[in-house]
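Okay, so here's the structure we're looking at.
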Amino acid sequence: MNLFNTLLVLLQSATSQGVLWALLAIGVYLTFRILDIADLTAEGSFPLGAGIAAITITNGFSPIVASLFGFCGGLLAGLVSGLLHTKLKIPALLAGIITMTGLYSITNRVMGAPNIALLGQDTVFTTFQEMGLAKNNAVIIAGFLFAAIVILLLFLFFRTEIGLALRATGDNLAMSEANGINTDNMKIIGYMISNGCIALSGALLAQNNGFADLNSGIGTIVIGLASIIIAEVLFANKSLLVRLITIVIGAIVYRFILAVVFEFNVEANDIKLASAIVLVICLSLPQLRNKLGLQKLGLKTKGGQS
């Protein structure tokens, strides 16, 4: 019974964290899968969103407005990476690294300090807590609400002409250009929406954690990729809408795996190492599944005549 209670507590904690990290994973998915671009801007736009939200809240603005400002900061970060990649023809990986590096100084300027505390400040979760909900439950409800809004807006966007053109750009660049699509503009839009979602995730997590930290972006790309891979392993070959929903589940599963790992007295300094190991395991699962499938098929064919 104690084990069940422990797992239940871990699941609740993982859900409250995972649903907020899911917005980052969705942002990473937009560039990594839809545009087929490896974008490292995430590690700069995440703390930028957190920093903007924190400084805005401490200056008396509404938490919702602060979160939207954080989202807008991510849009601008994505715009910079998009312009570097499309107009200056800098490779996507390098463009992301350059923007990420520059954003460190910009975020430091915005925050005015390496760390901003939000203790005692109203957050987007305060309203739900005032209804009598516990902190974790308030975070889960608010997180799912934000995730649902983002997924719905993305689903509607990808049904528009621009959204379809963006998807076509990622699927087949040459064919898209041949059909008159301005692929550079589509990439820029993709960069902006992606990093806007990532910055929004940073803004919400800063409010949940009670502080914004300049170095909070380190390793965020790993979290996003792991959530995506877990979702693809558990739910293969799904439509776009279902895929976006499964990414939320993937993020929760990833946080639950980490929570279980940390139950084994893993030191705080080893968190990044544990995250990297979990990602390696997640990335290797599709290969292992394919090999096991081939082995089963081979055994059946060889013995078989079935």
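The values are calculated or read from the model by the stated rules, or taken from the named source; none is laboratory data. This one's a predicted model, so the numbers in the text were calculated from it and none came from an experiment. A quick note on method: Cβ atoms are made from the backbone with ideal geometry, for glycine too, and the neighbour counts reach across all protein chains shown. Surface areas here come from the heavy atoms of the whole protein model, side chains and all, with no ligands, DNA or RNA. Shrake-Rupley method; radii C 1.70, N 1.55, O 1.52, S 1.80 Å.
The residues of segment 224-254 that are assigned to a helix (DSSP H, G or I) and open to solvent by 20 Å² or more (accessible area, probe 1.4 Å), listed by number, are 225, 232, 233, 234, 240, 241, 242, 245, 249, 252, 253. Taking first residues from segment 251-272 that are of a type in the set (Asp, Glu) and partners that are open to solvent by 60 Å² or more (accessible area, probe 1.4 Å) and assigned to a helix (DSSP H, G or I), no Cβ contact under 7 Å between residues at least 6 apart in sequence or on separate chains turns up.
The single condition among (1) open to solvent by less than 10 Å² (accessible area, probe 1.4 Å); (2) within 18 Å of residue 190 (Cα to Cα) that residue 79 does not satisfy is (1). Determine, yes or no, whether residue 259 is within 14 Å of residue 18 (Cα to Cα) and surrounded by fewer than 21 Cβ atoms within 10 Å (Cβ to Cβ). It is true that residue 259 is within 14 Å of residue 18 (Cα to Cα) and surrounded by fewer than 21 Cβ atoms within 10 Å (Cβ to Cβ).
Only one entry of 252, 271 meets the criterion of being at pLDDT below 75, within 21 Å of the chain's Cα centre (by Cα) and among the aliphatic types (A, V, I, L, M), and that entry is 271. Note on segment 28-50: among residues that are among the small types (Gly, Ala, Ser) and part of a helix (DSSP H, G or I), the one that is surrounded by the fewest Cβ atoms within 10 Å (Cβ to Cβ) is 44. Do we find a residue being among the polar types (S, T, N, Q), open to solvent by less than 10 Å² (accessible area, probe 1.4 Å) and out of contact with any Phe, Trp or Tyr (no Cβ under 9 Å at 6 or more places or on another chain) anywhere in segment 16-25? Yes, segment 16-25 contains a residue that is among the polar types (S, T, N, Q), open to solvent by less than 10 Å² (accessible area, probe 1.4 Å) and out of contact with any Phe, Trp or Tyr (no Cβ under 9 Å at 6 or more places or on another chain).
Taken over segment 141-191, residues that are in contact with a His (Cβ under 8 Å, 6 or more places away or on another chain) and either open to solvent by 70 Å² or more (accessible area, probe 1.4 Å) or of a type outside the set (Phe, Trp, Tyr) (or both) amount to 1.
Residues in segment 221-249 that are modelled with pLDDT of 85 or more and small (Gly, Ala, Ser): 224, 226, 227, 231, 239. Out of segment 85-123, which residues are open to solvent by less than 30 Å² (accessible area, probe 1.4 Å), over 21 Å from residue 67 (Cα atoms) and under 22 Å from the mean Cα position of the chain (by Cα)? Scanning segment 85-123 gives 92, 95, 96, 99. Only a single item in (1) open to solvent by 70 Å² or more (accessible area, probe 1.4 Å); (2) part of a helix (DSSP H, G or I) is not met by residue 204, and it is number (1).
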